[in-house]
Each structure stands twice: as C-alpha cells, then as structure tokens.
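Here the structure comes first, spelled out in structure tokens, and everything after it is commentary.
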Amino acid sequence: MVVKAKTRPVKKTSSSAEKSPMPKRVKPMLATLVNKPFDDPDWIFEVKWDGYRAIAIMNAKSVALQSRNDKSFNEKFYPIYEALVKCNLHAVLDGEIVVINKTGNSDFGALQNWRSEADGELFYYIFDILWLDGYDLKSLSLMERRKILKRLKLPSINLRISEGFEESGIRLFESVKELGLEGIIAKNKWSTYHENDRTREWLKIKSHQRQEVVIGGYTINDGSSKLFSSLLVGVYKNGNLIYTGKIGTGFNQETQGELLRRFKPLIIKSAPFQSIPDINKPSRFRPDPPNAKAIWLKPKLVCEVSFAEMTSDGVMRHPSFEGMRSDKNPDSVVMGKEIPTDQIRHHKKLPDQINIIMATPTGELKSLLNPSEETQVKKIKGHEIKFTNLSKIYWPKEKLTKRDLLNYYYQVAPFILPYLTGRPQSLNRFPNGINGVSFYQKDVKGKAPEWLQTFAYHSEDDSREKEFLVATDEASLLYMASLGCIEMNPWSSTIKKPDYPDWCIIDLDPDKNPFDQVIETATVTYQLLESMGIDSFCKTSGSTGIHIYIPLGAKYKYEESKEFARTIVTRVQKEIPKFTSIERPTASRKGKIYLDFLQNRPQATLAAPYSVRPKPGATVSMPLHWEELKKGLKMQDFTMRNAVARIIREEDIFKPVLGKGIDMKKALKALN
C-alpha cells in the first residue's frame, strides 16, 4: 500500500511565545522513518545520535533529566545531571545522551553498559528548547527555537548543541554512512513542536537497519555451553506481540549472565507471542538445527538489534544484539516502516560530502565509581576488583568517602604509578577512616589475589617467609586503596635492585614549629645542594613537613645514601642551629625541626608523591616548584578535592627524581 504524506500546513511566520508554568513532564516529538535522504531549502539536517532520548526540566538547581517513558536519568547519568545543575537555568531542553568513543562516534553498547565515567565519556546533545524563563516556546518555529537555544550559556563541555546543516541532506547522509553513524534527522525549519506525536515535519533516515524489539523468551540448545543460545523477540501490532526472530549474536558470557538475572523473575509457562514460533524450524543454512528448548518471559524488556533485512514473512535476517533499551516502554515497540521520501519531498542529488565535526573526548580525568551503588565490580587491567562499602565516611568533617578516595587514585594513577611500580609496599590501612583504628600490614602472603605480584622477605624477629605486595599497575593501586590504604608507602628501591634506592630523602619533620621555619629550612637545604651542583626536588609531606628528594639512579647502596644525607643535614643544621636538630630522640630535639636522614635505610617507606594522607582536610603530598616554597604556603593548600586540577595543569614536575642520578663523589668534593 502506498502511503501518501499529509504534512501539516507550515507557516514561515513566527508565533509569539506565551507565558506558561514550567511543565512537570514532556512527551517528546518523534520522527517518521523514510527510505532515503533529500535536499530542500526549507529543511535542516542533523546527525541521528545513537543514544537515549532525554528531556531536561531545569528549575535552577532543581533538575529532572527524564527518559521518553518518564524514568529518571539523574542518578544513572550523573555527570550530565551535575552539568545541567551548574547551568542554573529555568528551561526545558530536548536532546540525546550518548557515549563518545575514541574515534569520536557515538557507541550505544558502551552507553547501555555505562555505570561510571570509567566506562566512557558522556555527552548530552541538545537539539531543541521547549520552555524558557516562564514562556512556552513550542509554538515558535524550529529556527526561532534554535536561535534561542544557541544563546544559552552551557558551562560544561559535555553539554553540546547538536549542529544543524542547511546545505544538503544527501551530502550529510553520505558523510554519516562513511563514519559508520546511525543516520540523519531532517526537520522542517518552520515546524512547531508537537508533543508525543510522530510527525512528518521531522523525518529520520537510517544508514543501516536497526529496530527496537520486545524480548518474549530465550532458547537453550542441547549440548551448548552457552548460558543461553538466542533471544526470542517481537514487536507489537494491534495489541498483539508478533514474533520477528531469534537473536543469537552480539553478546558475550558476561552480558548473558546479566540478562539471565533480569529474566529470572519474568519466567512464565506459556508464550507471550500471538503465534508460538517454531524455534526448531530448519532453514537454508541450518537444515538440521539443534534441539532447542524455549523459556518464555513476560514481555517487559526491550532491546535493540541490527539486522540485514526483513523477510517476506516478517522475520529479521542476521539480527545482532546491540543493547538493552530501558528508556522504552514495551507496549510502544512497533515495527518501523519506511515511507517513500519522494511522497514527502522532491530532491536533487548532490555528490559532495559534508565535513561533520564530531565530538572528541575532553581529555579530563574521569571517575571510576558512580555515586549511587554501594558495591561495584570493575575490570581493571583485566582483573575484576570488587569495591564495597563505598559510602563509608573516611573524613567526617569533610564528608569524604571511600568512594572519593578510590576515584582520586583512579584519576591520578598515571602520575603516582611511576613512584610505586616495581616497589614493595607497606600497607597502612584505615578501614574505618582517619578516626578509626588503623594498622600496618607488610605480609600479604596467602591473603592477596593471585594476580598481585609479591616480594619475599624475612623479618628480623620471625624466621617465617613473608611477602610484600608489589605495585605493578592501576589494578594493584586500586586494590590497595580498596583495603583502606589512604596513603601509599613504597620502598625507595625496586625489586630489580632492592639494595639500591632510586632516590635519597631528606625529611624535614617539625615539632610544634611554625611552617615558615620548615620553609626556611627547606630553602637553606636547596641552596646548599645547588652550590654542590645537585638538582633536588621538594614536595609537601601532606602532614606537617617537607620532603626533599635527590635522584640517585639506583647507583648507590642504602648505606651510601644514608651517609650522604647525614652529611647534608649536618651542614644545614650548622647554618640554622636555632630551630633545627639531627638528634633522633624526640626529647633530645627540644622542640626543633628534625632533619631526618634515616629514611634512607632498607625497607623504610615514605608517602609517595601525589599520595593522600590520613589527616584532617584529606591533604595530599604534593610536588612543588622550588619558587612555590615561600612564606604563606600551607599544607591545606593541596587536598584530595583540588589536587587533580593542579596535577593536570602542572603535569608531573617530580619526574626528574627518576632520572640518571647524581655523581655522589663529585658532589661531596664540591662540598669540601
């Protein structure tokens, strides 16, 4: 049957927006599927994003981000929700939430499995505005609404205005096909916004076959090792669920396991389809099909499939699972039918392509764990790690949690790992936060997952063989943090050369001295080292003092490093004897700053650069430029809340510590 288009009469004159209270819910305007692209000066063309349609109802800081069927996306897609809150607008927006992959394309599979920023970067492509500052804009033309939309200030890079092309729908479609995108949307420039209506003033043209389907069951083949063999799916027609085929590809074992958990409460005895499908029907390619058993389900779940074509009897050929569609109501799922475009608009084909400016990842450091789920399992470097009790408060005054700590270490992993990798760790565990009971754990033998690297040792008071945990990558870093290790404490040497430290440390440890005295002591030490031709690097301890590192390049033993540091601090103490001491017993220091050189001994550990400290304020041991070490500097200037921004801005200024190292003999000769 030929469908004749009945487009609404569209005026090229604008209507005036009317005053109206902010709507509490909006049913979005929908597009009609047509079979090919066209060119028309009265239409604009947009990329059809492969994501979740979302309406943003924004009443200043109160934002409701809603799906097509009124489900809240506030928690699920929290970065977009938080970005909208920061806009502080009184507006209603219409758009699509997508995950952009490394090539700049939207990835629906990644979106469907999205739990946190570690799973991909979210964007909200906004293509319409329906209400603003007390006025209903739906009666304005599309072009007028877009002008208003473009004037909005959107402070987050993850909020984007979807670009509208006025040149050629055909050229845009060819570009979209080449990029592997889903298709394009054509919109009449003068159309008004019709809620909950599949209008012919908005058209969609797909570059490949995609269809939403309702899951009515699944099969298990005899002798198969798979959790299930295929999904049995259909669409609604006249209120009945019509079978459209079996989906046997597009999911791995992990996805199948997740689906089976969702299927369990939906199992029923009889088929939900109007006609029971013959699941063991021979086909051209499988004349002797495996004996399959069907498990029927209540038709409550919707998924999306791609397929080659639809057969004459309404069954999809070569369907593949693309992902679940929690944003769609099963009752609304019908078979999309393409209307001949020629019956809506005539067009002339143009061969040129349009250069689509795609989104690119922002490059910002993202979080690992989402803010709502108390237990989350993440695959890090091929290892599954279970993170539990994520809302447990670690810093009561600051209201910072275990989740915050894990997200911090996930973000700074590329910067802190060079100072941890290959080094045995002394685990300082605070399972109940900074005010709870803490304890050191050195021996992890038989207590850590097998994938973690360890290093054998014997303690002086125990003949048993023990094992240090050795950091290797971000998986081992996050495992340690999951144990309640607020700070990271590595050896100064690696397991490759355990007796040869990579750096020499001078630890300026004050008693009750003002911090300005610590700064003065560090400055005197720096000037002395400069006079010896030695490059040195400083960082805040994150507690009360300053750490000064001298690169050794693993060329000298611990004893040589210790004696070298002793020589340096002895000279510094003579320069400023009034408030410094090299006496180890606290009573002997008489309230002076301790110039600690004994950190340079085997198995001694110190908080790593960029490590959080179990101190009020969630302070961080932060590398500094020497010129930053001046009066007025405070330990609280660098905390878990602001450290990431600084690290991104400054990059790793501590990196030379891992360089080739000093010539110790030459340096000592210069001192004498």
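The values are calculated or read from the model by the stated rules, or taken from the named source; none is laboratory data. Model, not experiment: these values are computed from the prediction. Reconstructed Cβ throughout: ideal geometry from the backbone, glycine too, with neighbour counts over all protein chains shown.
What the table below lists for this structure:
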{"read-out": "Extreme residue, surrounded by the fewest Cβ atoms within 10 Å (Cβ to Cβ), among residues of region 414-429 that are out of contact with any strand residue (DSSP E or B) (no Cβ under 7 Å at 6 or more places or on another chain) and either farther than 18 Å from residue 651 by Cβ or among the β-branched types (Val, Ile, Thr) (or both)", "value": "421"}
{"read-out": "Residue in region 211-218 that is within 24 Å of residue 49 (Cβ to Cβ), in a strand (DSSP E or B) and in contact with an Asp or Glu (Cβ under 6 Å, 6 or more places away or on another chain) present", "value": "yes"}
{"read-out": "Residues (of a type in the set (Lys, Arg) and surrounded by 21 or more Cβ atoms within 10 Å (Cβ to Cβ)) located in region 364-413", "value": "402, 403"}
{"read-out": "Residue list for region 577-618, filter: hydrophobic (A, V, I, L, M, F, W, C), more than 22 Å from residue 502 (Cα to Cα) and touching a strand residue (DSSP E or B) at 6+ places or on another chain (Cβ under 9 Å)", "value": "579, 582, 593, 618"}
{"read-out": "Subset of region 253-271 that is polar (S, T, N, Q) and outside any loop (DSSP other than H, G, I, E, B) - its residue that is surrounded by the fewest Cβ atoms within 10 Å (Cβ to Cβ)", "value": "253"}
{"read-out": "Candidate set: region 644-659, residues that are in a loop (DSSP other than H, G, I, E, B) and more than 26 Å from the chain's Cα centre (by Cα); chosen: the one surrounded by the fewest Cβ atoms within 10 Å (Cβ to Cβ)", "value": "659"}
{"read-out": "Region 97-106, residues that are at pLDDT below 95 and more than 14 Å from the chain's Cα centre (by Cα)", "value": "103, 104, 105, 106"}
{"read-out": "Pairs, first closer than 15 Å to residue 90 by Cβ in region 118-134, second among the aromatic types (Phe, Trp, Tyr) and crowded, with 21+ Cβ neighbours inside 10 Å, C-beta under 7 Å, six or more apart", "value": "130/193"}
{"read-out": "Test result for residue 69, touching a helix residue (DSSP H, G or I) at 6+ places or on another chain (Cβ under 9 Å) and surrounded by fewer than 20 Cβ atoms within 10 Å (Cβ to Cβ)", "value": "yes"}
{"read-out": "Residue in region 222-281 that is modelled with the lowest pLDDT, counting only those that are within 19 Å of residue 320 (Cα to Cα) and among the basic types (Lys, Arg)", "value": "226"}
{"read-out": "Unique match (being aromatic (Phe, Trp, Tyr), part of a helix (DSSP H, G or I) and closer than 15 Å to residue 667 by Cβ) among 556, 526, 549", "value": "526"}
{"read-out": "Cross-chain or 6+ apart pairs with Cβ under 7 Å, region 531-547 first and surrounded by 19 or more Cβ atoms within 10 Å (Cβ to Cβ), then acidic (Asp, Glu)", "value": "545/507; 545/509; 547/507"}
{"read-out": "Residue list for region 615-643, restricted to those being within 19 Å of residue 410 (Cβ to Cβ) and in a loop (DSSP other than H, G, I, E, B)", "value": "618, 621, 622, 638, 640, 641, 642"}
{"read-out": "Cross-chain or 6+ apart pairs with Cβ under 7 Å, region 410-421 first and modelled with pLDDT of 95 or more, then in a helix (DSSP H, G or I) and among the small types (Gly, Ala, Ser)", "value": "410/118"}
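To keep it simple, each residue is scored yes or no on (1) surrounded by 15 or more Cβ atoms within 10 Å (Cβ to Cβ); (2) in contact with a Gly (Cβ under 6 Å, 6 or more places away or on another chain).
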| site | (1), (2) |
| --- | --- |
| 195 | no, no |
| 199 | yes, no |
| 206 | yes, yes |
| 222 | no, no |
| 233 | yes, no |
| 237 | no, no |
| 244 | yes, yes |
| 248 | yes, no |
| 251 | yes, no |
